[in-house]
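Encoded as structure tokens, the structure appears first; notes follow it.
The values are calculated or read from the model by the stated rules, or taken from the named source; none is laboratory data. No experiment lies behind these values; they were computed from the predicted model shown. Don't worry about glycine lacking a Cβ; one is built from the backbone with ideal geometry, like all the others, and counts go over all protein chains shown. What goes into the accessible areas is simple: the full protein's heavy atoms, side chains included, and nothing from ligands, DNA or RNA. Shrake-Rupley method; radii C 1.70, N 1.55, O 1.52, S 1.80 Å.
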Amino acid sequence: MKEIRLHGIGGLGTVKAGELLVHTSVADGKYGNSIPFFGFERQGAPVTSYVRLDEKEIRPKNQVYNPDCVIVLDPTVMNAVNVFEGVKDNSVLVLNTSLEDIGDLDLPDKISKVAFLDASDIALKTLKNQITNTIMLAAFAKATGWVNIKLLEEKVAGMFGEKNREAYKEGLKKVKIIER
């Protein structure tokens, strides 16, 4: 089972991103569950979503405490929340950042792969807003291979429309992946 923790701020589609991963997994004949956690329910506040994906039925329905992957939809959330808490060895970080080089970031040794891109810039240019969820899902799918990239694209278009499909494809093109 793969456990994923998504960190964002209210209004970026963090919860919907988790749901999309589950819908894609199920459509591919696999299993998934998504558990949102809002805390203060207001736009701009930290939001966390927990996702589990597996080839067989998933029993746990609680928060993800030891993720295999952390997705950060907005880098400012890293100032408010320890996004690396509990990460497993050989974890994947999918990070929205304007940095061209992540060498200066203080990342835990447990992170073995980093996928990063400026999803905010893509969102502003393509969608005319800051909602980065579909772009970050593209980076996640390419970095991990845990969901079918083409099927996820279809789910993105079905749920959010063609502009989001375009943003998703741009995310696939622009994501940089580094093995550590």
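Report D for the chain in µm² per second (integer): Stokes-Einstein, Kirkwood Rh on Cα pairs, 37 °C, 0.692 mPa s. Before the final figure, lay out the partial values.
Numbers: Rh = 15.9 Å.
The estimated diffusion coefficient comes to 207 µm²/s.
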Check: C-alpha center the stretch 80-114 vs C-alpha center the stretch 125-180, spacing in Å is 19 Å
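For the stretch 35-171, what's the relative contact order in percent, using C-alpha pairs closer than 8 Å and at least 6 residues apart?
Numbers: 201 pairs, mean separation 24.1, N = 137.
For the stretch 35-171, the relative contact order is 18 percent.
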The long-range amide H neighbours of G10, using H built 1.01 Å from N in the peptide plane and a cut-off of under 5 Å, are G44, A45, V47
In Å², rounded to a whole number, the accessible area per residue of the chain with probe 1.4 Å is 49 Å²
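Return the loop-located GluC sites (Glu not before Pro) in the stretch 1-85 (DSSP other than H, G, I, E, B) with at most 16 other Cβ atoms within 10 Å of their own Cβ; answer none if there are none. Display every interim value, and only then the final one.
On the way: sites: E3, E19, E41, E55, E57, E85; in loops: E41, E55, E57, E85.
In loop regions of the stretch 1-85 (DSSP not H, G, I, E or B), the sparsely surrounded GluC sites (Glu not before Pro) are E41, E55, E57, E85.
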Of every hundred units of 1.4 Å-probe accessible area on the chain, the number belonging to carbon and sulfur atoms, as a percent, is 49 percent
Restricted to the chain, the DSSP antiparallel beta bridge percent, nearest 5, is 60 percent
Karplus ³J(HN,Hα) for the stretch 115-121 (6.51 cos²θ - 1.76 cosθ + 1.60, θ = phi - 60°; Hz, whole; x = Gly/Pro) runs 10, 9, 6, 8, 5, 4, 5
Contact order relative to length for the stretch 116-172, counting C-alpha pairs under 8 Å separated by 6 or more residues, stands in percent at 43 percent
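Residues with beta-carbon under 9 Å from that of T126, excluding T126: net charge, scoring Lys, Arg +1 and Asp, Glu -1? Before the final figure, lay out each step's value.
Numbers: positive: K125, K128, K163; negative: E166, E170.
Its environment carries a net charge of +1.
Give K110/K142; K113/K163; K125/K176; K16/K56; K150/K174 a once-over and call out the pairs whose C-alpha atoms are over 27 Å from each other. Mind dumping the intermediate values first?
Details: K110/K142 20 Å; K113/K163 29 Å; K125/K176 19 Å; K16/K56 23 Å; K150/K174 17 Å.
Pairs exceeding 27 Å: K113/K163.
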